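Here's the structure, in structure tokens; my notes come after.
Each reported figure results from applying straightforward, stated rules to the coordinates on display, with no laboratory input. Everything numeric here is computed off the predicted structure, so don't read it as measured data. Cβ: placed from backbone, ideal geometry, glycine included. Neighbour counts: every protein chain shown.
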Amino acid sequence: MGLPDSSQDLSTEMDVDAYRRLFPLRFFERHLSESLRPDGRPLGKARDTIVNLGLVSSADGSALAKIGSTTMLAAIRMEVMSPSTDSPDEGCIAVEFHMPPICSPTVRPGRPADEAPVISKRLSDIFSSCDMIDLKELCLVSGKAAWMGYLDIYCLDADGALFDAALLSAVAAFSNLQIPVVALNDNGRIVAINGEQEENASINEKEAVNKEKRKLTLKNIPFALTCILHKKYILADPTAEEESIMDTLVTVVLDSSDQIVSFNKSGGNALAGSSAIKSCVELARKRGKELKQILGEMDID
């Protein structure tokens with residue numbers, strides 16, 4: 001009996017790898033014709049997803065979200081501010097998305113990634129349109145003091161579907177958020193106090209300030225799913241390689257009631273027909289149920 005030809009197996013692996021690099025679209029289309037992707041997933045299946053809470057001890061709320069290899073770390077810092085005259089009973093949330101060079105070889109040191117401000121703006125728009133946070137909950141004293149929440153999301157690994165992972169990490173971070181204790185200082189100003197100060201602070205009973213840490217009420221949680229449209233195929237939760245080869249992306253954002261919050265198409269020349277849109281929305285609803293289950297296991301309502 002002859003021994004297995006290991007050199008032939010190695011040669012075959014090298015041939016496949018070379019073919020994948022030289023003819024990436026053909027390589028993927030051969031898999032798509034069998035309704036399978038190179039990583040073994042069916043076309044409509046998202047990658048494994050993990051969420052961990054409270055990893056940043058210096059933040060008031062934080063979370064790490066991983067979708068496949070795509071990794072996001074979200075951290076929230078709360079500060080007391082003077083509310084605007086237009087909204088004296090409301091606080092504010094500022095969103096910043098960061099893509100350091102460590103996240104992808106396409107991000108160069110000293111040059112901000114083009115996607116970063118776009119994702120920041122889209123996240124801000126989503127939070128506003130779906131009313132996830134009641135900004136009145138961030139009011140301390142009407143017209144005098146309110147909370148300003150700084151949400152920073154850091155992309156640690158950019159392997160596709162960045163917006164989906166960024167939104168998931170942000171939602172999880174808000175669920176982990178503990179609004180700090182506040183008190184009046186000697187100058188009559190409302191300031192946040194932390195640590196041992198909470199035990200020793202003398203809080204003026206006459207002012208309507210919160211005297212213990214509390215959580216925000218998340219009213220309407222948004223979930224996102226990005227899909228690729230390529231010929232007759234729809235691929236859910238694409239990797240960075242898939243996005244670079246088949247560049248027509250559609251992102252569907254649904255709220256907790258499965259209502260469409262946002263529908264965004266970017267890149268490519270493929271037209272999103274009614275049938276494709278319905279399929280993407282249906283995949284997003286299925287994905288939303290998966291994410292609700294993941295967050296539900298951590299008591300995130």
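Couple of notes before you dig in:
- The packing ranking of peptides 224-230, 52-58, highest mean first, is 224-230, 52-58, where packing means the average number of other beta carbon atoms within 10 angstrom of each residue.
- Linear extension gain, R189 paired with K231, 0.36 nm per residue minus alpha-carbon span: 9.0 nm
- In this label model, I294 and R108 are separated by 3.3 nm, measuring between points 7 Å along each Cα→Cβ vector.
- Length gained when the stretch K213-D131 is fully extended (0.36 nm per residue, less Cα-Cα span): 27.3 nm
- Contour minus Cα-Cα distance for Q178 and R20 (0.36 nm per residue): 52.1 nm
- Inter-label distance for S244 and N52, nm, one decimal - labels placed 7 Å from Cα along Cα-to-Cβ: 2.7 nm
- Counted by Cβ distance under 14 Å from A75, the other residues give a net charge of -3, where Lys and Arg count +1 and Asp and Glu count -1.
- Sorting the segments 120-127, 287-294, 232-239 by their mean number of nearby beta carbons within 10 angstrom, highest to lowest, gives 232-239, 120-127, 287-294.
- When each of the peptides 34-40, 59-65 is scored by how many other beta carbons lie within 10 Å of its residues on average, the order from highest to lowest is 59-65, 34-40.
- Between C92 and S256, the modelled labels are 2.7 nm apart [label points 7 Å from Cα along Cα→Cβ].
- Sites R30 and V118 - FRET efficiency at Förster radius 30 Å, r taken between beta-carbons, to 0.05: 0.40
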